Amino acid sequence: MRTSKFYLFPVKEDPNDASLVSHKLMLRSCMIRQSAAGIYTWLPLGLIVLKKIEAIIRKLHYEYDIQELLMPTIQSADLWKKSERYSDYGKEMLRIVDRNKNELLYGPTNEELITDVVSKDLQSYKDFPKILYHIQWKFRDEVRPRFGVMRCREFLMKDAYSFDIDFENAYLSYCKMFLLYLKIFKKLGVKALPFEADTGPIGGSLSHEFILEASSGESEIFYDNSIHDLNIDNVDFNNSSEIKDMVLNYSKYYSRTSEKHEEKVFQNSTNEKNIIRSRGIEVGHIFYFGKKYSEKLNSTFLNDKGKTNYIFSGSYGIGISRLVAAIIESSNDDKGIVWPIEVAPFQIGLVNVRKGDNLSTEFSENFYKSNHGKYNIIYEDRDIRLGQKLNIMDLIGIPIQIIIGEKNIVNNYIEIKDRKSGKVSLVSKDKIEVFLKKEYEL
Ligand code: ATP
Ligand code: MG
């Protein structure tokens, strides 16, 4: 993409209606624009990041046979009356009446709807297990929407739902999702840790939150630093005892309170110094709720003895739009956003220092034309001040910045700047590909 064509209108000054760093940076870099209280438009730069996160989530769900469907944003109130959540959900739920006076609502979550959908299809014990998910906008009329897309009213969520024949199998689905979430966050380049959690209005008996450490976060977290040593890369997803063991291993290193022997102890902490007390942002939340909805909605199947049983379920959410802000919140500096390369809107920023210099322009144009299919490039091809060009690349957080200047290019060199470390390398113009492969595995 050429900056001369891209919808990019960065702002130099901090907006005065934003207090959180991520909110300021998302506004300044032209990623989002507020359309109403707690309701945002995603501008091209923001949408690219949102879609990148979606793509990673989709890919990993697919690898584990978790299938995507798409449920509507608008739901009928009837199902919610049956589950008895219509009144419980309170003022957070946006209620709508259509022209025929039918009661509808804008979905804050989808347990009822999905239970109703699958109950028509999952009839026999042979049809289980199944896990389905969708990526859809949710609406919650938050009392105090704030911090931009971090806590807004309309937000994008990935929500998955598992269906099993009994507790044993449902717990296994829960553990698989627990580990899948860790894999997803790792792939996104973010360090989100699991913590035991309250179930809130979703209900149920077992629940974990995935929290990304950030000093501005709303959640208090306590964990043992050794949790970072646990490695899920080699867990065999077909081996149920290995999956359950791994989830258990994690539970040894986090706690809901700072008090060592209150509520839940750090089972493995031998060294008090390893215990971290910190804050973070909830980016994912998983729940096991068993028969809670299937009983209310009469969602049953026939077991291997021909007996009618209720389905056992869990639900698994990731706040995709919140993640965009959360990643920025945990990865920024005084110049702007520092994207992990996995979710960066563009991997490479190509900066032509001076358009008037023929050699630089010729090289930049050729590099862009022959490589923009291979790499994700934003090409600064405008005739604006160099300082401005570099500031924009830093503000919008481009991880690798290739700078083509007349002094270097006459000697067949270009500069490559790493956004995160600030390190600048002088690279021979014939060795760019080798360098990108070696340093960034591109
Ligand atoms: P919170 O405790 O932050 O209010 P929640 O526990 O009500 O969130 P869940 O029902 O667990 O939220 O929803 C799943 C995920 O959706 C959350 O982990 C979060 O990432 C995201 N999410 C929830 N509420 C909002 C919101 N108002 N704005 C943006 N994302 C949200
Ligand atoms: Mg939650």
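Could you sort out which of LYS5/LYS51; LYS52/LYS438; LYS183/LYS389 sit more than 32 Å apart by Cα distance in this structure? Among LYS5/LYS51; LYS52/LYS438; LYS183/LYS389, the Cα-Cα distance tops 32 Å for LYS183/LYS389. What pairs in LYS187/LYS420; LYS81/LYS101; LYS130/LYS187; LYS369/LYS429 have C-alpha atoms more than 20 Å from each other? Violating the 20 Å Cα-Cα cut-off are LYS130/LYS187. Measuring nothing but how far apart in sequence close Cα pairs (under 8 Å, 6+ apart) lie, relative to its length, the chain scores a relative contact order of 16 percent. Sorted largest first, the principal axis extents computed over the alpha-carbon atoms of the range 276-408 equal 80, 40, 24 Å. Under a Cβ-only charge scheme (Lys and Arg +1, Asp and Glu -1), can you give me the dipole magnitude of the range 348-440 about the Cα centre, in debye to the nearest 20? The calculated dipole for the range 348-440 is roughly 240 debye. Among the trypsin sites (Lys or Arg not before Pro) in the range 39-146, those located in a DSSP loop and surrounded by at most 14 other Cβ atoms within 10 Å of their own Cβ are ARG99, LYS101, LYS120. According to the square roots a ≥ b ≥ c of the eigenvalues of the Cα gyration tensor, what is the shape class of the chain, taking rounded for a/c under 1.5, prolate for a/b larger than b/c otherwise, and oblate for the remainder? Because a/c hits 1.5 or more and a/b exceeds b/c, the chain counts as prolate. Under the combined filter of DSSP loop state and at most 16 neighbouring Cβ atoms within 10 Å, the range 40-123 retains these GluC sites (Glu not before Pro): GLU84. Remark: C-alpha extents of the range 348-440 on the principal axes read 32, 29, 25 Å, sorted largest to smallest.
Read-outs throughout are calculated quantities, based only on the coordinates presented, and are distinct from any laboratory measurement. From a predicted model like this one, the values you see are computed outputs, not experimental measurements. A quick note on method: Cβ atoms are made from the backbone with ideal geometry, for glycine too, and the neighbour counts reach across all protein chains shown.
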